[in-house]
Amino acid sequence: MARRALIALLAALALLAPATAFAAPARTTLPDVEDEVMCVLCGTALNVADSAQADRERAFIEAEIAKGKTKAQVKQALVAEYGPQVLGTPEGGGFDWAAWVVPSLVVLALIGGLIFLVPRWRRRSGTMDSAAPTLATPALSAAEARRLEEDIARYDR
Amino acid sequence: MKRNAVPLVAILAAAALIGLLVYGVASRGENRTLDDAVSKGQRPAAPDRPLPVLGGAGQRSLANYRGKPVVLNFWASWCTPCRQEAPLLESAQKRLAAKGGTVLGVTFRDASPDSQAFVRKFKLTYPSLRDVSGQLAKAYGTRALPETFVLDGQGRVTAINRGPVSKDFLDTALTQVGV
């Protein structure tokens, strides 16, 4: 009985899998698009832009969404109307390469720094750990231990 | 030695970043090539590239108007001064058309439905192209709209007006190109 149920479940999954894989992407929304595109006049992201041009771009996006377009298609339509600058990504020519190269170099430098510094920190903290007990807990003499016990007993009262 | 290397690398990295910043600022300066040439009395060749026609099919470029004077005007529906100068450009179009020339609009960062609504509103009869990539505007050093360039029949820039055109500017510039 259980075996049959398992076979039925697997068969159902096998049938559903291709349908899920090729299912049309979900329809997008204005907030989903406007935080990824620019107001071409304001020079800010559309979701924080407050101008007549920003409102025009929002109306354009809503009209495209109403046509049933996906997010990628809406962005494509925006580029066709307003140019690639609407995406707010560097165009790749001249100085724009720096926008890609500089962050990559910074990340590489940070990784290099960590690779260089982490073993040093670990060595240093290892040395401190082994030295710590001798520094932190000096041995008590019998007289000092007795006095300590008496003090604790007095405070407990 | 190793201890001294870290601050040295940090200083070099900071210097490289500052150098990059300076280069970026310098390379993004205004393109005044055409203005400088025209102010010296020269007639530099007008930058050209094929662009899609607003509200029409196919592409067109300045080369299609070679042999005729052209008033090239960068505009957009969102540009307030463009509304002021639209009637002046339309009357210049009538004058140019009589001599075989034309005003040629170029829209910049404007959606075509908005541009077409602008054309209908101001009853513009001259053609406009769509500079979607902004590359033509860049070649003309356009940074703010409207901007107007008067070209002679050989496709050379004879007059430039960065800002809304006046009747005086158009009269003088059109006379210079024989209109």
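Just so it is clear, none of the values below were taken in a lab; they were calculated from the coordinates. All values derive from a computational prediction rather than experimental measurement. Glycine also receives a Cβ, built like all others from the backbone with ideal geometry; neighbour counts cover every protein chain displayed.
Some notes on this structure:
- Look at the dipole of chain B built from charges on Cβ: of B:GLY105, B:ALA57, B:LEU174, the Cα furthest out on the positive end belongs to B:ALA57.
- Taking N as the residue count of the range B:33-176, its C-alpha radius of gyration divided by 2.2 N^0.38 Å amounts to 0.94.
- Contact order relative to length of chain B, as percent, for alpha carbon pairs under 8 angstrom and 6 or more apart: 27 percent
- In chain B, the longest principal axis of the Cα atoms and the axis of helix B:2-27 are about 10 degrees apart.
- Order of A:ILE61, B:ILE160 - criterion: other Cβ atoms within 10 Å of each residue's Cβ, fewest first: B:ILE160, A:ILE61
- Each residue of the range B:151-165 was assigned a 3J(HN,Hα) from its phi angle through the Karplus curve 6.51 cos²θ - 1.76 cosθ + 1.60 (θ = phi - 60°); the sequence is 10, 7, x, 9, x, 10, 7, 10, 8, 10, 9, 9, x, x, 6 Hz, with glycine and proline shown as x.
- Here the 3J(HN,Hα) profile of the range A:41-47, calculated from phi with Karplus coefficients 6.51, -1.76 and 1.60 at θ = phi - 60°, is 9, 6, x, 10, 4, 4, 5 Hz, Gly and Pro shown as x.
- Local net charge near B:ARG143, Cβ-Cβ under 10 Å (Lys/Arg +1, Asp/Glu -1): 0
- Order of A:VAL74, A:VAL106 under a 10 Å beta carbon neighbour criterion, fewest first: A:VAL106, A:VAL74
- Taken over the alpha carbons of the range B:56-102 as equal point scatterers, the Debye sum produces base-10 log I(q)/I(0) values at 0.20, 0.28 Å⁻¹ of -0.81, -1.05.
- Directionally averaged shadow of the protein assembly as shown, computed from the convex hull of its alpha-carbon atoms, nm²: 39.4 nm²
- Total formal charge among the other residues, if their Cβ is under 14 angstrom from that of B:LYS40, Lys/Arg +1 and Asp/Glu -1: +1
- A cut-off under 14 angstrom between Cβ atoms defines the neighbours of A:ARG157, and their net charge, with Lys, Arg +1 and Asp, Glu -1, is -3.
- Vicinal HN-Hα couplings computed from phi for the range A:110-125 (Karplus, 6.51 cos²θ - 1.76 cosθ + 1.60; Hz; Gly/Pro x): 5, 4, x, x, 5, 4, 6, 8, 4, x, 5, 4, 5, 4, 5, 5
- The residues B:VAL38, A:VAL86, A:VAL48, when put in order of fewest to most other Cβ atoms within 10 Å, stand as A:VAL48, B:VAL38, A:VAL86.
- Within 10 Å of the Cβ of each residue in B:16-22, the mean number of Cβ atoms contributed by other protein chains is 2.
- In the range B:33-176, lysine pairs with alpha-carbon atoms under 20 angstrom apart (chain gap of 8 or more, or interchain): 7
- Dipole size of the protein assembly as shown about its Cα centre, with +1 on Lys/Arg Cβ and -1 on Asp/Glu Cβ: approximately 780 debye, rounded to the nearest 20.
- Per the Debye calculation on the range B:124-179 with a single equal scatterer at every Cα and no solvent contribution, log₁₀ I(q)/I(0) for q = 0.30 Å⁻¹ amounts to -1.28.
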